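Laboratory data are not the source of any read-out in this text; all were calculated from the coordinates shown. Treat the numbers as computed from the prediction; the structure is a model and nothing was measured. Please note: Cβ atoms are built from the backbone with ideal geometry, for glycine as well, and neighbour counts cover all protein chains shown.
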């Protein structure tokens, strides 16, 4: 897959079949559109092109927007590459771009820049300045400029009953099972391993503390999770704490992973953490000893989950 970081960077003599949108999460609803795109391209001999934007339009157009995104740009690119797309265009979204009229967008970008043969979009897609143009307008432009318009029906989209907003809400509620179901993969956090207070080492549970530089990335609800990572080509499992470490008087949010069967210096490395299941809420314990006992129970739960095959079932611990 070729990645372009501006519309003007893209150039191809081949005709393209295009879809566009924020595609935050690259969830199972998005993959339905991409699968249709790929099938059309296979049948027609055209190249596939997905146009997406960064920052998210709401970050630019809504002053008070505090939207958190499901993917960093790196994560989104990786997920989209797995689909088999030919071209990904990540265009910087700003207020100047938002003021393009519908016809300017169609003529200058879809027709002149992308050499479009067909566009495939969701049933509720709107575009152009103030999002005033609809699917009907797009069909008119298609007739005028010589490209086809295919709309994914509401029935097909509603069939999967998923949206990026639903996934964000599930993660904020700590419902990782539902989020993973809607995504079609395990929700991930990607960051650099940094030095922490090294408290876990003194408790017998050394942790890799990860820092996520992209402040727009959505971090799930505080709690303890079962996770996995691929490190040096090996799949390793562990348990992750998201929270403030209230038992030891912590205040700032940290993300700490205790990997099982891994004795390696990870400082400075960028790792991706897949979240498999949620064990429990973050708690404040009366003593360090009580915390150690709970960590022991958390590890047992995690290992039981992993042994069962990491099938996204919620696991609870009963004394």
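Figure the gain on full extension for residue 195 and residue 136 (residue separation times 0.36 nm, minus the Cα-Cα span) and round it to one decimal in nm. Let's see the in-between values first.
Working: separation 59, 0.36 × 59 = 21.24 nm, distance 5.53 nm.
Between residue 195 and residue 136, full extension yields an extra 15.7 nm.
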Inset, instruction - Consider the candidate values (i) 43, 19, 18; (ii) 29, 27, 19; (iii) 36, 21, 19; state which one is semi-axes √(5λ) of the Cα gyration tensor in Å computed from the structure displayed. - result: (i)
Legend entry - Crossing angle, helix 288-307 versus the chain [Cα axis fit, 0-90 degrees, rounded to tens]: 50
Legend entry - Helix axis angle, 28-44 relative to the chain longest principal axis, alpha carbon, degrees: 40
Inset, instruction - Divide by every residue of the chain the summed helix terms, -39500 (n - 2.57) for each DSSP H run of at least 4, and state the resulting mean residue ellipticity at 222 nm, rounded to the nearest 500 deg cm²/dmol. - result: -8500 deg cm²/dmol
Inset, instruction - Taking the convex hull of the Cα atoms, report for region 1-75 its projected area averaged over all directions, in nm². - result: 5.9
Legend entry - Degrees between helix 135-145 axis and first principal axis of the chain (Cα, 0 to 90, nearest 10): 50
Inset, instruction - Take the alpha carbon atoms of region 1-46, find their center, do the same for region 239-314, and report the distance between the two centers in whole angstrom. - result: 38
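Given contacts defined as C-alpha pairs under 8 Å and at least six residues apart, what's the relative contact order of region 186-307, whole-number percent? Please list the in-between numbers first.
On the way: 217 pairs, mean separation 39.2, N = 122.
This gives 32 percent for region 186-307.
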Legend entry - Scaled radius of gyration (Cα, divided by 2.2 N^0.38 Å) that region 191-319 gives: 1.00
Inset, instruction - Work out how far the C-alpha atoms of region 117-260 reach from end to end along every principal axis, then list the three figures in whole Å, largest first. - result: 70, 33, 26
Legend entry - Average Cα contact separation per residue, the chain, under 8 Å, 6 or more apart, as relative contact order %: 16
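Rg(Cα) of region 2-162 divided by 2.2 N^0.38 Å? Show your work: numbers first, answer last.
Working: Rg = 14.9 Å, N = 161, 2.2 N^0.38 = 15.2 Å.
So region 2-162 has a normalised radius of gyration of 0.98.
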Legend entry - Footprinting exposure proxy for 216, 205 (fewest neighbouring C-beta atoms within 10 Å first): 216, 205
Legend entry - Rotationally averaged projected area of region 67-116 (alpha carbon convex hull; nm²): 4.8
Legend entry - Normalised contact order of region 205-255, rounded percent, pairs of Cα under 8 Å and 6 or more residues apart: 31
